[in-house]
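Input: a single structure, listed below in structure tokens.
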Amino acid sequence: MFFVAVIHSFSIFSWYWDIEDNKSSKHQTRLKILHSNVLTSNQHFHLLTSLLEKEKPHMVILQEINTDWIDGIKSALSDYKYRLEKPQNDNFGIAIYSQLPFITSNVITLGNLGLASIEVTFTIDEQAVTLIATHPTPPLSDALYIARNDQLIDAAKRIASKSTAKILLGDFNVSMWSSDYLVMESISGLKNARQGFGILPTWPANLPFPIIPIDHILVSDAFFVNDFNVGHNIVSDHLPIIVELALRKNDAAM
């Protein structure tokens, strides 16, 4: 039992090893992103507002957003002139708010259920970046399990086809130890931005333990990851995640 525990603990502790030593390199942050599954029924808008005021991200991606949420946080987003909103009341609303102008911005559908995802392109230091945000179904049945995987694979294929720097993020409803996650990550060609910063679990946030990481930000090799962390509890069932990125010079197409 001891050796079995040691073997399994490796898959946990390996997330605390910074393979590229990005943290000590201190690259200048060019992009700070905050992602949060806010929980549609949650009415504690001020908690997200206070987090935005504290973190001051360049981009905010929200999932499970409805019109109540849009109205409830409007004042905190006045500096985010570029936005794309798809509010819904079925826990699959999605929105992006940005201080950086979009070159393109589209609501897209991925997978066999046709759930809304978002794809935007923008530039940092004259280098193009593609970002896709997606939120597949939780695997509560065989059909929803298949639908989740189809949506993740579609997202991975779509982001892999881009010649820009790449970011894929969202509430994936899967942890990074799942074989389904590993397939998606392999297809995308991206890396999980939390590597070197710990497992940083996000769900269910209303429990002290066990809590698992199912909210993810994946990036291409065009990026250094300066920081990855979780935000304070906003009374959603998910904790927000925050990443700070810097582009490698002349490597945006990696």
Practice task
Quick one: GLU244 ticks every box in (1) closer than 22 Å to ASN91 by Cβ; (2) in a strand (DSSP E or B) except a single one, so which number is it?
Solution key: (1)
Handout entry: Residues located in the range 98-143, provided they are on the phi > 0 side of the Ramachandran plot and surrounded by fewer than 15 Cβ atoms within 10 Å (Cβ to Cβ)
Key = GLY114, ASP125, GLU126
Problem - Residues within the range 28-65 that are more than 20 Å from HIS232 (Cβ to Cβ), within 19 Å of the chain's Cα centre (by Cα) and either small (Gly, Ala, Ser) or surrounded by fewer than 19 Cβ atoms within 10 Å (Cβ to Cβ) (or both), tallied - result: 2
Completion exercise
Restricting the range 56-89 to residues that are without any contact (Cβ under 8 Å) to a residue 24 or more places away in the chain and charged (D, E, K, R), the one farthest from LEU245 (Cα to Cα) turns out to be ASP71
Practice task
Count, please, the residues in the range 66-83 that happen to be closer than 21 Å to LEU110 by Cβ and either within 16 Å of the chain's Cα centre (by Cα) or of a type in the set (S, T, N, Q) (or both).
Solution key: 1
Completion exercise
The condition of being modelled with pLDDT of 95 or more, buried (at least 23 other Cβ atoms within 10 Å of the Cβ) and small (Gly, Ala, Ser) holds, among ALA155, ALA147, only for ALA155
Problem - strands (runs of 3 or more DSSP E) contained entirely in the range 58-169, each with at least 2 residues that are under 21 Å from ASP221 (Cβ atoms) and of a type in the set (S, T, N, Q) - result: 115-124, 127-133
Problem - Leading residue by the ranking (surrounded by the fewest Cβ atoms within 10 Å (Cβ to Cβ)) among those in the range 171-199 that are of a type in the set (Ser, Thr, Tyr) and closer than 15 Å to SER220 by Cβ - result: SER186
Exercise for the section: Could you tell me whether any residue of the range 1-19 is part of a strand (DSSP E or B), at pLDDT 70 or above and either farther than 28 Å from ILE124 by Cβ or of a type outside the set (Phe, Trp, Tyr) (or both)? Expected result: no
Exercise for the section: Answer with yes or no whether PRO210 is over 16 Å from the mean Cα position of the chain (by Cα) and surrounded by fewer than 21 Cβ atoms within 10 Å (Cβ to Cβ). Expected result: yes
Fill in the blank from the handout: Across the range 24-57, the tally of residues that are part of a helix (DSSP H, G or I) and at pLDDT 95 or above stands at 11
Problem - Leading residue by the ranking (modelled with the lowest pLDDT) among those in the range 177-227 that are polar (S, T, N, Q) and farther than 26 Å from VAL129 by Cβ - result: ASN206
Practice task
Test ILE187 against the criterion of being aliphatic (A, V, I, L, M), farther than 15 Å from HIS35 by Cβ and out of contact with any Gly (no Cβ under 6 Å at 6 or more places or on another chain), and give yes or no.
Solution key: yes
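The values are calculated or read from the model by the stated rules, or taken from the named source; none is laboratory data. Remember, it's a predicted structure, so these values are computed and weren't measured experimentally. Positions of Cβ are generated from backbone atoms using ideal geometry, with glycine treated the same way; all protein chains shown enter the neighbour counts.
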